[in-house]
Amino acid sequence: MTPELPSVDQAAVMLQAARGQIDFARRYTLELLDATPQELWFEMPAELPTHIAWQVGHLAVSQYGLLMFRIRGREPEDLDLIPGTFRKAYGRGGKPKSDPSVQPTADEFLDRLHRVHEQAMRELADTDPQVLLDPVDMPYAVYPAKLGAILFCPMHEQLHGGQIGLLRRALGLESVR
């Protein structure tokens, strides 16, 4: 059973809380990445089917999708931020490649991750709370509305932060926390 949508005022408060959770999740992800030598980002240890670089690319694509595309649709400048080839390679269903020569460098992944986050957070700060109650399809959390997509974003990032943590341990690195 889907819960009743919140009021516009409640959605505004929930948006503020979600923005704090999104920032917290990103700080944790960056803490994990800062503690991981970039030369290990493309390693697929212990036969795991992914690597840290793919996780970072996926987080950039997902944050764009959940916080920008879902909220206001695609804008022409989005192709510079998340080109179609990047979206296909690192979106849901993308297959990690172990060859670093056929994908961006670790620094390029980080740059894209930062640019998407900064733009998304600027746009969320200016989002009309009434828009948050507009319906969307999955993925979302709690509400089948734009607010639900925003609420899902920090949970999704933490899920992939866990995968980054597992990859780090499989690479022989100590846990960060």
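The values are calculated or read from the model by the stated rules, or taken from the named source; none is laboratory data. Keep in mind the model is a prediction, meaning the values are calculated, not measured. Here Cβ is always computed from backbone atoms with ideal geometry, including for glycine, and neighbour counts include all displayed protein chains.
Odds and ends about this structure:
- Here the condition is being without any contact (Cβ under 8 Å) to a residue 60 or more places away in the chain, under 30 Å from residue 37 (Cβ atoms) and more than 14 Å from the chain's Cα centre (by Cα); of 104, 76, it holds for 104 alone.
- Filter result for residue 27 (surrounded by fewer than 16 Cβ atoms within 10 Å (Cβ to Cβ) and part of a helix (DSSP H, G or I)): yes
- For the stretch 142-150, the criterion of a residue being within 22 Å of residue 29 (Cα to Cα) and in contact with a helix residue (DSSP H, G or I) (Cβ under 7 Å, 6 or more places away or on another chain) is satisfied by at least one position.
- Extreme residue, nearest to the chain's Cα centre (by Cα), among residues of the stretch 107-133 that are free of Cβ contacts under 8 Å to residues at least 24 places away in the same chain and not in a helix (DSSP H, G or I): 126
- Unique residue being modelled with pLDDT of 95 or more and touching a helix residue (DSSP H, G or I) at 6+ places or on another chain (Cβ under 7 Å) when the list is 166, 133: 133
- Any pair with Cβ under 7 angstrom, 6 or more apart, that starts in the stretch 61-72 at a residue that is modelled with pLDDT of 95 or more and ends at one that is assigned to a helix (DSSP H, G or I) and of a type in the set (Phe, Trp, Tyr): 61/86; 61/90; 66/152
Residue by residue, here is whether (1) within 24 Å of residue 148 (Cα to Cα); (2) of a type in the set (D, E, K, R) holds:
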| position | (1), (2) |
| --- | --- |
| 4 | yes, yes |
| 7 | yes, no |
| 16 | yes, no |
| 37 | no, no |
| 53 | no, no |
| 60 | yes, no |
| 69 | yes, no |
| 74 | yes, yes |
| 83 | no, no |
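- Screening residue 158 on (1) in contact (Cβ under 8 Å) with a residue 40 or more places away in the chain; (2) over 23 Å from residue 11 (Cβ atoms); (3) under 14 Å from the mean Cα position of the chain (by Cα); (4) surrounded by fewer than 19 Cβ atoms within 10 Å (Cβ to Cβ) shows it passes everything except condition (2).
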